[in-house]
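The values are calculated or read from the model by the stated rules, or taken from the named source; none is laboratory data. Small disclaimer: the values here were computed from a predicted structure and weren't measured. Cβ coordinates were reconstructed from backbone atoms using ideal geometry, including for glycine residues, and neighbour counts include every protein chain displayed.
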Amino acid sequence: MRQGSGRSPLALTLTLALVRLFSAVVPRVSRADWRAEWEAEVRYRWTSLNAGQHPDWRTRMDLVRRALGALPDAAWIRRQFTADADLVHDLKHGIRMLAKAPSFTLSAVFILSIGIGGTVAIVALLDTLFFRPLPYYQSDRIVTIWQRQAAQPTEREDVAPADFLDWRDRARSFSSIAAMIPYSRDYTGGSEPEVLFGAQVTEGFFDAIGMPPLIGRAFLPEEHVTGGRRVVVISHAFWQSRFAGDPGAVNRTISMDDEIWTIVGVLPKAFEPQLLLRPGGLSVWTPKVIQDHEKRIRASAWWNVVARLAPGVTMEQAQAEMNTISAALAREYPRTHESRSAVLVPMREHLMGGVSLPLLLMLAAVVLILGIGCANVASLLLARGMERSREFAVRAALGAGRFRLVRQLVAESLLLSLIAAVGGVGLAYWTLGVIVSLAPAGLLRLQESTIDGRIILFAASLTAAIAVAFGLIPALQFSKRTNDLLRERQADGIGGTLRRGLVVSEVAIALVLLVGAGLLVRSFGRLLAVDPGFNPTNVVMAQVFASDRQVTPDRLRNFFNATIDRMRALPGAEAAGAVSAMPFALSNINIRSNLEIVGRPAVKPGEQRVAYVTIATPGYFTAMAIPLREGRFIEGRDSETAPRVVVISDALRRLEWPNETPVGRRIRVQWQGKPVEAEVIGVVAQIRHESLDTAARAEVFFPFAQMPFGSMTYVVRGSGDTTSLIDSVKRQVWSVDSMQSVYDTGSVERLVRASLVRQRFSMTMLSAFALVALILCASGIYGIISFTTAQRTREIGLRMALGADGPTIRRMVLREGSIVIALGLLFGLVAALAGSRFLQKLLFEVRPGDPLTIAVVCVLLGAVGVAACYVPARRATRVDPLVALRVD
Amino acid sequence: MSPRLNLTYSTALVLQALSRGFHFGFDIMDATGLPSGTVYPILRRLDREGLLKSTWEKQAIAQREQRPPRRYYEITAAGEAMLADAIERYRVLDQAVARTPRPRGLKPSRA
């Protein structure tokens with residue numbers, strides 16, 4: 001390419017340099033083209049100048065001046081590019097538009113905040129449960145192992161000692177497998193004798209969990225054998241409260257069960273709330289020494305087993321191996337193991353307990369609320385879009401493309417959602433706090449829920465998705481029809497179907513939530529109406545474990561007789577007794593045994609009746625006000641020397657003697673490894689043990705005098721204030737033995753109430769969500785009907801001018817509203833019927849499709865919906881025909 | 001008048017020049033007497049709004065003259081319509097723009 005004339009290259013060089021310099025301003029995508037254009041023009045001009053002769057300096061300066069004009073050109077392109085590429089312009093415009101309509105902006109932001117806030121809070125909870133790593137080393141390799149009976153395939157049971165030992169010997173799938181045995185110890189180092197809850201653990205327990213002590217060490221193999229040193233690992237909380245976090249606590253000693261124990265380690269804080277769902281956690285961990293007789297215990301099961309999968313072994317392989325071992329054990333011990341299997345449960349699943357279902361339900365609820373909120377805001381945007389139809393029409397006519405208009409609307413909804421997201425995250429913090437405080441204490445990990453960066457990121461993506469969805473619906477609706485808008489000036493028909501669709505979906509969603517909440521409320525009502533089989537009002541309890549101090553049956557008898565006598569003599573005490581398995585108590589001794597009925601042919605192994613064996617003193621039944629169905633209670637005359645007698649539960653009678661009286665019949669059970677035969681003297685009402693929604697169990701009650709037992713719960717019925725009674729009961733124990741520790745004291749009524757905490761939680765949460773949904777739905781209907789009616793001012797005016805009176809107009813508006821609401825109810829009904837079966841597991845004595853609940857909810861929602869239509873309907877009747885017809 | 005564009009006098013001048021067969025940026029400047037900093041943004045805007053379309057000069061011509069190909073602007077039907085409107089409005093337009101492209105090499109107008 002020719003470089004121009006050699007006579008005056010300076011002007012050309014300068015010009016080209018300017019063009020090149022200014023090209024930096026041009027956006028990269030068009031820079032090359034831009035430079036090519038300018039350089040071509042400059043060179044062309046230069047060539048022309050040289051063809052005519054002697055370009056004077058003015059001509060050359062003119063060329064340079066033209067090159068300077070390249071700067072405004074480049075700047076113009078850059079400005080256009082920025083306006084095109086960035087949302088800056090749209091956002092600025094959006095802010096102006098939102099500020100111009102503060103009531104619209106506020107309501108939209110408010111509604112969206114509720115939706116976003118709720119969703120974010122629940123997602124934060126779920127994140128904690130499902131995704132946050134557990135504090136243990138390779139926590140996804142940790143499994144818990146449970147026993148399962150073929151008859152109850154959904155129940156998990158603790159493990160029998162001999163079974164654990166067999167598993168440990170035979171299983172190859174685990175790098176370590178260990179048992180944890182709940183074990184409390186009397187601690188006499190404090191002001192009152194107290195009980196330290198803890199556990200005995202077998203060798204390798206801390207390896208299986210994968211969390212070594214914070215300071216000190218775990219147990220050594222030689223500490224797990226008889227005669228080994230008495231060593232203890234203490235919890236972080238215990239370390240803090242008793243030793244003020246002093247690192248020198250290791251190697252110090254504490255006195256438990258009248259023995260001296262050396263502290264060898266302190267557990268990290270994270271260890272605590274994770275295992276054994278006991279409020280307050282466990283304080284002391286001691287090495288388990290396997291006793292000879294434990295190697296034969298297969299019927300009673302109370303050990304908890306935890307294991308770590310060996311490298312390369314999958315969960316399925318481990319389960320398969322355990323199935324093989326269970327099958328072998330079933331062949332070896334057909335009497336006890338016929339229908340018993342072992343089930344592996346990942347640690348995370350175990351810790352989540354039963355909370356994932358209610359939480360998933362809550363997630364569904366908040367997503368539905370978010371849906372209603374979105375529908376509300378979409379209708380608000382539609383209404384506003386309608387008011388702005390002229391603006392859009394003009395902009396379209398001025399050359400704004402469809403994309404341009406859609407982008408503007410999306411930018412506005414993005415702004416709205418952003419503001420709402422800030423409010424929503426704030427709301428989420430608050431909601432999270434409320435939910436965590438309402439949550440049952442057992443749901444330990446929930447307390448760790450926080451809103452962290454990932455949750456904020458989730459909130460941001462959710463917001464963006466909402467914004468795009470919102471902007472798009474009305475935007476597409478309008479941009480499609482801009483020509484019509486311009487022509488018709490008033491756009492009656494536009495968005496009508498969409499608006500009706502929004503009402504229908506809001507009503508449908510609200511119905512689903514209300515049905516869910518209604519079912520839970522009804523189920524809770526049914527649960528409260530359940531007769532626990534005793535009267536917990538004014539009853540206090542206190543648990544003792546006396547075997548360590550009262551080592552012979554006689555001493556046990558004397559101790560309990562003396563303490564119960566004193567309790568009965570207390571002022572305000574009406575009755576007192578003791579029992580080995582206290583209903584609703586946190587820690588309990590549940591002993592099960594095969595039960596034979598003397599005189600009946602022997603049953604095949606695996607088909608024997610299993611019953612709970614409970615020990616009770618004569619006063620127990622009266623203190624608990626347990627109704628007698630037949631025969632008599634245990635009485636004082638059923639002494640050590642008297643014939644052996646037994647009282648059975650009504651549940652057992654129904655199973656074994658459905659049409660006759662069991663009184664006078666004889667039964668046989670296993671008690672501490674030996675068969676015990678006794679005559680049935682009475683039948684008592686069905687007693688609920690764990691909770692109101694578990695079935696009453698087949699249970700037999702033996703007299704304490706004939707079968708003395710060390711772990712008993714005192715129950716004392718008072719006549720009035722029970723708080724002082726609790727203290728008096730403890731003092732009576734100490735008046736007989738000042739060193740006897742007492743644990744789990746309190747009101748039985750509170751215990752029963754506490755058992756409902758999960759149900760109460762699910763019900764409260766879902767009801768709260770349903771209420772929010774109802775309010776949002778009502779306001780949504782109100783807004784849409786108001787707007788639609790306002791849009792029809794001219795039509796209504798015309799009708800009135802033609803003779804329609806107020807009531808006619810009102811009926812018309814109400815009728816149209818009702819049709820849409822009814823349609824929503826119909827769709828909602830279908831969805832509710834389909835969706836409510838997910839509630840099945842949470843319902844008690846209420847079917848998912850309960851017609852009464854659904855009917856009540858439909859009537860309620862319909863009434864609220866029609867009421868929401870009523871205000872706009874009334875307003876419509878006040879239209880002045882003359883004014884209306886003059887519109888536009 | 002249709003509300004399609006804020007049609008300034010300068011824009012009308014550029015359209016007129018295009019309509020009369022001035023196809024290149026510098027030539028349009030010559031024809032209208034407008035400075036480059038005005039002409040080019042107008043060309044960009046007309047392009048964007050579909051009132052003109054732009055291509056590149058044929059490679060062969062440019063090669064023959066030993067220079068890079070120039071950008072070639074051509075008025076569209078919409079542009080002609082807009083121009084007709086503008087002529088209604090700006091009566092002087094006819095005289096303000098040169099009638100035919102000048103032969104190459106003539107003295108440029110005041111930039």
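Before moving on, here are some points about what is shown:
- Qualifying residue in the range A:549-556 (condition: out of contact with any Asp or Glu (no Cβ under 7 Å at 6 or more places or on another chain), modelled with pLDDT under 85 and within 27 Å of A:Ile181 (Cα to Cα)): yes
- Entry remark, the range B:66-111: residues being modelled with pLDDT under 75, part of a helix (DSSP H, G or I) and within 14 Å of another protein chain (Cβ to nearest Cβ) number 0 in total.
- B:Leu18 vs. criteria more than 11 Å from chain A (Cβ to nearest Cβ), among the aliphatic types (A, V, I, L, M) and assigned to a helix (DSSP H, G or I): yes
- Which listed residue is more than 23 Å from the chain's Cα centre (by Cα) and in a helix (DSSP H, G or I), from A:Ser113, A:Ser107: A:Ser107
- Subset tally (residues that are over 23 Å from A:Ser691 (Cα atoms) and surrounded by 13 or more Cβ atoms within 10 Å (Cβ to Cβ)) for the range A:831-866: 18
Rundown of residues vs (1) without any contact (Cβ under 8 Å) to a residue 40 or more places away in the chain; (2) buried (at least 22 other Cβ atoms within 10 Å of the Cβ); (3) in a helix (DSSP H, G or I), yes/no style:
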position: A:Met707; (1), (2), (3): no, no, no
position: A:Val716; (1), (2), (3): no, yes, no
position: A:Asp721; (1), (2), (3): no, no, no
position: A:Ile726; (1), (2), (3): no, no, yes
position: A:Gln732; (1), (2), (3): no, yes, yes
position: A:Thr745; (1), (2), (3): no, no, no
position: A:Arg750; (1), (2), (3): yes, no, yes
position: A:Phe761; (1), (2), (3): no, no, yes
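- Yes/no for B:Ser19 being of a type in the set (Ser, Thr, Tyr) and under 21 Å from A:Trp76 (Cβ atoms): no
- Matching residues, the range B:45-58, being surrounded by 17 or more Cβ atoms within 10 Å (Cβ to Cβ) and within 14 Å of B:Leu15 (Cβ to Cβ): B:Arg45, B:Leu46, B:Leu51, B:Leu52
- Lone qualifier among A:Ala70, A:Ala83 - being in contact with a helix residue (DSSP H, G or I) (Cβ under 6 Å, 6 or more places away or on another chain), under 24 Å from B:Arg48 (Cα atoms) and either in the same structural domain as A:Val406 (by TED's automatic domain parsing) or at pLDDT below 75 (or both): A:Ala83
Here's the yes/no breakdown for (1) modelled with pLDDT under 85; (2) part of a helix (DSSP H, G or I):
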| site | (1), (2) |
| --- | --- |
| A:Glu321 | no, yes |
| A:Ala327 | no, yes |
| A:Ser341 | no, no |
| A:Leu351 | yes, yes |
| A:Gly354 | yes, no |
| A:Leu357 | yes, yes |
| A:Leu360 | yes, yes |
| A:Val367 | no, yes |
| A:Ala378 | yes, yes |
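- A:Ala873 more than 16 Å from A:Leu774 (Cβ to Cβ), of a type outside the set (Ser, Thr, Tyr) and either at pLDDT below 80 or not in a helix (DSSP H, G or I) (or both): no
- Residue count for the range B:24-37, restricted to those that are polar (S, T, N, Q) and either surrounded by fewer than 19 Cβ atoms within 10 Å (Cβ to Cβ) or within 7 Å of chain A (Cβ to nearest Cβ) (or both): 1
- Restricting the range A:325-358 to residues that are without any contact (Cβ under 8 Å) to a residue 12 or more places away in the chain and among the acidic types (Asp, Glu), the residue that is surrounded by the most Cβ atoms within 10 Å (Cβ to Cβ): A:Glu349
- Unique match (being in contact with a Ser or Thr (Cβ under 9 Å, 6 or more places away or on another chain) and of a type in the set (Val, Ile, Thr)) among A:Val25, A:Val64: A:Val64
- For the range B:38-65, the set of residues classified as at the interface with another protein chain (Cβ under 9 Å from one of its Cβ atoms), of a type in the set (A, V, I, L, M, F, W, C) and either more than 27 Å from A:Met61 (Cα to Cα) or in contact (Cβ under 8 Å) with a residue 12 or more places away in the chain (or both) consists of B:Val39, B:Leu43, B:Trp56, listed by residue number.
- Members of the range A:790-809 found to be surrounded by 17 or more Cβ atoms within 10 Å (Cβ to Cβ) and modelled with pLDDT under 80, listed by number: A:Gln791, A:Arg792, A:Thr793, A:Arg794
- Residue in the range A:52-69 that is in a helix (DSSP H, G or I) and under 60 Å from the mean Cα position of the chain (by Cα) present: no
- Within the range A:48-58, being closer than 23 Å to B:Leu34 by Cβ and facing another protein chain (nearest Cβ under 7 Å) holds for A:Ser48, A:Gly52.
- If the condition is being among the aromatic types (Phe, Trp, Tyr) and either in contact with a Pro (Cβ under 9 Å, 6 or more places away or on another chain) or surrounded by fewer than 21 Cβ atoms within 10 Å (Cβ to Cβ) (or both), then the range A:145-199 contributes A:Trp146, A:Tyr183, A:Tyr187, A:Phe197.
- Scanning the range A:525-574 for residues that are of a type in the set (Ser, Thr, Tyr) and not in a loop (DSSP other than H, G, I, E, B) gives a single hit, A:Thr563.
- Members of the range A:26-47 found to be more than 9 Å from chain B (Cβ to nearest Cβ), modelled with pLDDT of 85 or more, part of a helix (DSSP H, G or I) and touching a helix residue (DSSP H, G or I) at 6+ places or on another chain (Cβ under 7 Å), listed by number: A:Arg31, A:Trp34, A:Arg35
- Residue satisfying all of: in the range A:596-641; in a loop (DSSP other than H, G, I, E, B) and aliphatic (A, V, I, L, M); nearest to A:Ala330 (Cα to Cα) among these: A:Val603
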